[in-house]
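This report refers to the structure that appears directly beneath it.
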Amino acid sequence: MMPSDWLTFSSPSLPLPDPRSCSVRSGESEPGHGQCVGGGGEMAIISCRVKNNDDSVIQLLNPNRQTIYFRDVRPLKDARFQLVNFSENELRVSLSNVSLSDEGRYVCQLYTDPPQEAYADLTVLVPPSNPIIETRDEVLNEGNETELTCSALSSKPAASIRWKKGNKELTGKPKVELTYDRMYTVTSRLTFTVSKEDDGVPVVCIVDHPAVKDFQAQRHLEVQYKPEVKIVVEFPQGLTREGENLELTCQAKGKPEPQRVKWVKVDDDVPSHAVITGGDLYIENLNKSYNGTYRCVAANAVGESYDDYILYVYDAPTTTPIPTTTTTTTSTTAMPTTSPPLPESHPDSRAGEGAPRTVDHAVIGGVVAVVVFAMLCLLIVLGRYFARHKGTYFTHEAKGADDAADADTAIINAEGGHSNSDEKKEYYI
């Protein structure tokens, strides 16, 4: 038995028109085997290498056990097989325009005693045709369900299909069919509900197959949605007060664009002198009778939406007169009382220069309370003052009246009447 090496297949890069090569090496004690992958319509190179050959005959057989080459002679009448190189250590043959019928096990035989052989399986890859995306609806409304179908036709082996919507992976339902020519057709159905955010988003069908890379198709979604409505206050920027003006703008966006925009007042009529221009509402000289909910309604072919603005008209700014000094006087003592100075009033946040200065009602009430408290304190002080400074009075009693038997005797015994009597004083506090 002649020593020899293995017979193997090796395959280069896949893209056309580079030829695909397969090499076969024969082992000394047991058959060798390998695998070669080729693309349909491409070229494969089959090499049979022998180490330390002693002029033994080398031949190459096809999957039907027919001799392709016997040494450098081609008995098979298939012009697609061509001799590339022949030597005592190598038999190299090219196979052009590879087709599915060329699949199978190729055998390299070395005529020794006993004969040796090695084999390799040739697998033909057929890439699918360009993927096709079909959709049930060309234009969708938000909230509706849509179905897309992606097909990869005539491939071998069967391709696999993935879906992406924007940057998000989606899962479809695949279906694989084997055709009469031993090819595979794969379809995948994707079903989902669309929203307005899906408008303009690409849906991509990605086909994975060993014979191709980055094989994909895409379709952009067209989604219609009802308007989005927003009311913007143009004036005033703060509180709405009596006598001021009000300006509102209604912003509406939808697909298709809103066909009409209207203003209404909930449970009432819009003031007769209000001016409505497109999406703008303007009301002059506000008063509290205008209070209520004003609604902007926008509509298109998909539906209608609205936004509300609640109007509450506050009192107009008021002006407080400068306080004066008052004096309280009694018949005995006069005590001047001066009310404390009022805090400086601040102008309304929305008033311009030269507007009258106003004071909040809470400040006015506080000043009045201080004045009343000061008056009460003054009355208490005056009462205590008059009580402490009340006048005195005198009593005169005749001396000897205590020893008189009767009143006449007491008068007679009084020395000089009341002129010489002692003075007694009593004080009340």
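The values are calculated or read from the model by the stated rules, or taken from the named source; none is laboratory data. Since the model is a prediction, treat every value here as computed from it, not as a measurement. Ligands, DNA and RNA are stripped out before the accessible areas are found, and what is left, the full protein with its side chains, is counted by its heavy atoms. Shrake-Rupley method; radii C 1.70, N 1.55, O 1.52, S 1.80 Å.
Odds and ends about this structure:
- 5 Å-binned pair-distance histogram of the stretch 209-321 (Cα, whole percent): 2, 11, 18, 17, 13, 9, 7, 5, 4, 3, 3, 3, 2, 2, 1, 1, 0, 0, 0
- Solvent-accessible area assigned to carbon and sulfur over the stretch 68-136 amounts to 48 percent, based on a 1.4 Å probe.
- Stretchable slack from Ile276 to Glu88, in nm (0.36 nm times residue separation minus alpha-carbon distance): 57.7 nm
- Calculated from the alpha-carbon coordinates, the stretch 171-214 shows an Rg and a Dmax of 14.6, 45 Å respectively.
- Here the Karplus curve 6.51 cos²θ - 1.76 cosθ + 1.60, taken at θ = phi - 60°, turns the phi angles of the stretch 305-318 into couplings of 9, 8, 9, 10, 10, 9, 9, 10, 8, 8, 4, 5, x, 10 Hz, with x standing for Gly and Pro.
- Remark: relative contact order (the stretch 123-186) = 32 percent; criterion is Cα-Cα distance under 8 angstrom and separation of 6 or more residues.
- Accessible-area value, Met375, 1.4 Å probe, nucleic acids and ligands omitted, Å²: 70 Å²
- Think of a 1.4 Å ball rolled over the protein heavy atoms: the stretch 90-152 then has 42 Å² of accessible area per residue.
- More than 17 Å apart - percent of Cα-Cα pairs taken over the stretch 37-182: 70 percent
- Probe 1.4 Å, protein heavy atoms only - accessible area per residue of the stretch 190-256 in square angstrom: 51 Å²
- Net length gained if the chain between Val381 and Glu147 were fully extended (0.36 nm per residue, minus Cα distance): 74.7 nm
- Portion, in percent, of the accessible area of the stretch 231-288 that falls on carbon or sulfur, probe 1.4 Å: 45 percent
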